[in-house]
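Have a look at the structure below before the remarks.
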Amino acid sequence: MCSNYALPLGIAFSLILTTGQVGANPTDKKMPLAHQEEQNPAGRNPSASDEPSGTLVLPQALALALTQNPELAAFSWETRAREAATLQARFFPNPTFGANAANFGNRVIRGFDGDVVTLELSQLIELGGKRAARTEAAALTKELADWDYEAKRVDVLTQVSQTFIEVLTAQQRLVLSQQTQELANQMMATTSARVQAGKVSPVEETKARVALASVRIELMRARKELEAARKRLAASWGSTEPRFEAVAGNLDAAQSLPSLASLLQRLANNPDLARWATEITQRQALITMEKAKAVPDVTATLGASKYLMPNDYALVVGFSIPLPVFDRNQGGILEAEHRLTKAEEERRSAEVRIATALNTAYQKLDAAHAEVSALRQEVLPGAQSAYDASREGYRLGKFGFLDVLDAQRILFGAKTQTLLALADYHKAVADVERLIGGSLDENKQEALQ
């Protein structure tokens, strides 16, 4: 009995495999099964041995974040999932095997024809370019995931750069507090000596002790802020306890700014804007896919019937096709067209939003740059000169302690303000570079490296 079915089923299977190629794209190429490592380096589990234990520089921090940032790793898996969906969209529908028996249980019919056993193979043949449209839409969806990954990657790099700046600022602020404490200790010793010599009132010594206590409180606060900033930086690569001892960089670099108009022309490099070209193309591909669904598919059937009474067989051939009388996928096509219009409006909204964000970030950057210039050229030299003169005058008995204390407060206040202005400048640079998708000055070296 098996040998009687071998020939017709073999013919049926061969014909189904041949007809199943209808609508196939001869230019299709094999899709990669995994995201390339250089495009998606994230995904490794963080290892304590990967983190430097000494002095950390910005390129090391960026590299650690790219390879071990948890959020970036999650985005990389999404791109891989969509790549798998693209692979799935390329497959043909599976053939269907069916079997049925007829004429048994009825003696009259059984005596006329005998019992019949039929084996069939059916294959859905997609028409209208459904498979090609489905594959293209899935591939474009995967490209959108790549853009989302790129946007997240740039976000992570910007966040790491700004957190690195915060750590560097906290370090220098701690050094500044330590210097203030040393000066306060010197003033305390000088005042005590003058009190013992009877040159000033003991009240001066009390004021010096109060000033020294305030400086110590500021020093303690600076240490706490540094520790918090170090932990925030370590969290960028998934570490809960930083192993690095310090960061190294140069906050003093502040150079002239390009014009806002020149930066606006570079907004096309922003991944949040660049993705919309792919988004629009993907929405158009979805319209093509919905229109292809309106084309009826053909189901081809080929099999063999075994007649037990005469011990013979016959081939069975058939096909079926739905009649698009009521459902021609009108709603699906209209929905896809509306979503395309929505995407075009969202692109225009994104262009306005990002241009506005760039203008805001540039104004903040310009203000920080102007503040740094004013502090360096006017405030710091004057504050330093006033402090030096008051300290020397106090030693000679020409000025009182309050004069020295006030000059010291102004000097270190100016230094702190300059440090914070430099930090704001570099963080604003990172914001602007995130929006233009590149370096502020394409010919410059990184200021913090």
key: Hits in segment 407-437 - residues which are over 30 Å from Ala208 (Cα atoms), open to solvent by 30 Å² or more (accessible area, probe 1.4 Å) and of a type in the set (Lys, Arg)   = Lys427
task = Scan (1) within 21 Å of Ile125 (Cα to Cα); (2) of a type in the set (S, T, N, Q); (3) out of contact with any strand residue (DSSP E or B) (no Cβ under 9 Å at 6 or more places or on another chain) for the single condition Ser320 breaks and write down its number.
result = (3)
ask   = What are the pairs, 6+ residues apart or on separate chains, where a residue within segment 123-146 that is closer than 12 Å to Arg283 by Cα has its Cβ under 6 Å from a residue that is open to solvent by 40 Å² or more (accessible area, probe 1.4 Å) and part of a helix (DSSP H, G or I)?
value = Ala133/Thr288; Ala137/Leu286; Ala138/Ala85; Leu140/Thr281; Thr141/Arg82
request  = Kindly list, by first and then second residue, each pair from a residue in segment 258-281 that is surrounded by 16 or more Cβ atoms within 10 Å (Cβ to Cβ) to a residue that is assigned to a loop (DSSP other than H, G, I, E, B), limited to pairs with Cβ atoms under 6 Å and residues at least 6 apart or on different chains.
outcome  = Asn270/Gly437
inquiry  = Cβ contacts < 6 Å: first residue modelled with pLDDT of 90 or more, restricted to segment 371-388; second residue open to solvent by 70 Å² or more (accessible area, probe 1.4 Å), any location; separation 6+ or different chain. Result?
reply    = none
key: Unmet requirement for Glu227, which otherwise passes all of (1) touching a residue at least 60 places away in the same chain (Cβ under 8 Å); (2) more than 29 Å from Asp148 (Cα to Cα); (3) surrounded by fewer than 20 Cβ atoms within 10 Å (Cβ to Cβ)   = (1)
note = Counting only residues in segment 60-90 that are among the β-branched types (Val, Ile, Thr) and open to solvent by less than 30 Å² (accessible area, probe 1.4 Å), the one nearest to the chain's Cα centre (by Cα) is identified as Thr79
note = Given (1) open to solvent by 80 Å² or more (accessible area, probe 1.4 Å); (2) in contact (Cβ under 8 Å) with a residue 24 or more places away in the chain, Glu218 misses just (1)
remark   = Inside segment 118-132, the number of residues satisfying the requirement of being open to solvent by less than 40 Å² (accessible area, probe 1.4 Å), more than 13 Å from Phe92 (Cα to Cα) and either not polar (S, T, N, Q) or not in a strand (DSSP E or B) (or both) is 2
inquiry  = Cβ contacts < 6 Å: first residue over 17 Å from Thr96 (Cβ atoms) and open to solvent by 30 Å² or more (accessible area, probe 1.4 Å), restricted to segment 292-305; second residue in a strand (DSSP E or B) and modelled with pLDDT under 90, any location; separation 6+ or different chain. Result?
reply    = none
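Right, Leu212: open to solvent by less than 40 Å² (accessible area, probe 1.4 Å), assigned to a helix (DSSP H, G or I), closer than 23 Å to Asp403 by Cα and of a type outside the set (S, T, N, Q) or not?
On the way: open to solvent by less than 40 Å² (accessible area, probe 1.4 Å): yes; assigned to a helix (DSSP H, G or I): yes; closer than 23 Å to Asp403 by Cα: yes; of a type outside the set (S, T, N, Q): yes.
Spelling it out, Leu212 is indeed open to solvent by less than 40 Å² (accessible area, probe 1.4 Å), assigned to a helix (DSSP H, G or I), closer than 23 Å to Asp403 by Cα and of a type outside the set (S, T, N, Q).
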Of the criteria (1) over 20 Å from Ala428 (Cβ atoms); (2) exposed (fewer than 12 other Cβ atoms within 10 Å of the Cβ), which one Ala234 fails = (2)
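Condition check: surrounded by 14 or more Cβ atoms within 10 Å (Cβ to Cβ), under 30 Å from Gly437 (Cβ atoms) and at pLDDT 90 or above. Does Ser239 satisfy that?
Details: surrounded by 14 or more Cβ atoms within 10 Å (Cβ to Cβ): yes; under 30 Å from Gly437 (Cβ atoms): yes; at pLDDT 90 or above: no.
Judged against the criteria, Ser239 is not a match.
Looking for something out of contact with any strand residue (DSSP E or B) (no Cβ under 7 Å at 6 or more places or on another chain), over 30 Å from Gln265 (Cα atoms) and either open to solvent by less than 60 Å² (accessible area, probe 1.4 Å) or not hydroxyl-bearing (Ser, Thr, Tyr) (or both) - is there at least one such residue anywhere in segment 355-371? Give the steps one after another, and end with the answer.
Step one: of segment 355-371, the residues out of contact with any strand residue (DSSP E or B) (no Cβ under 7 Å at 6 or more places or on another chain) are 355-371.
Next cut, over 30 Å from Gln265 (Cα atoms) only: none.
Checking segment 355-371: not a single residue is out of contact with any strand residue (DSSP E or B) (no Cβ under 7 Å at 6 or more places or on another chain), over 30 Å from Gln265 (Cα atoms) and either open to solvent by less than 60 Å² (accessible area, probe 1.4 Å) or not hydroxyl-bearing (Ser, Thr, Tyr) (or both).
Hey, can you tell me all the residues within segment 392-405 that are under 14 Å from Leu183 (Cα atoms), open to solvent by 20 Å² or more (accessible area, probe 1.4 Å) and either touching an Asp or Glu at 6+ places or on another chain (Cβ under 8 Å) or touching a residue at least 12 places away in the same chain (Cβ under 8 Å) (or both)? So that I can check it myself, show each step before the final result.
Going through segment 392-405, the residues under 14 Å from Leu183 (Cα atoms) turn out to be 392, 394-395, 401, 404-405.
Adding the requirement that they be open to solvent by 20 Å² or more (accessible area, probe 1.4 Å) leaves 392, 395, 405.
Those that are under 14 Å from Leu183 (Cα atoms), open to solvent by 20 Å² or more (accessible area, probe 1.4 Å) and either touching an Asp or Glu at 6+ places or on another chain (Cβ under 8 Å) or touching a residue at least 12 places away in the same chain (Cβ under 8 Å) (or both): Arg395, Leu405.
The values are calculated or read from the model by the stated rules, or taken from the named source; none is laboratory data. Just so we're clear, the structure is a prediction, and the values are computed from it rather than from any experiment. Methodologically, a virtual Cβ is constructed for each residue, glycine included, from the backbone with ideal geometry; neighbour enumeration extends over all protein chains shown. Surface accessibility is based on the protein's heavy atoms, side chains included, excluding ligands, DNA and RNA. Shrake-Rupley method; radii C 1.70, N 1.55, O 1.52, S 1.80 Å.
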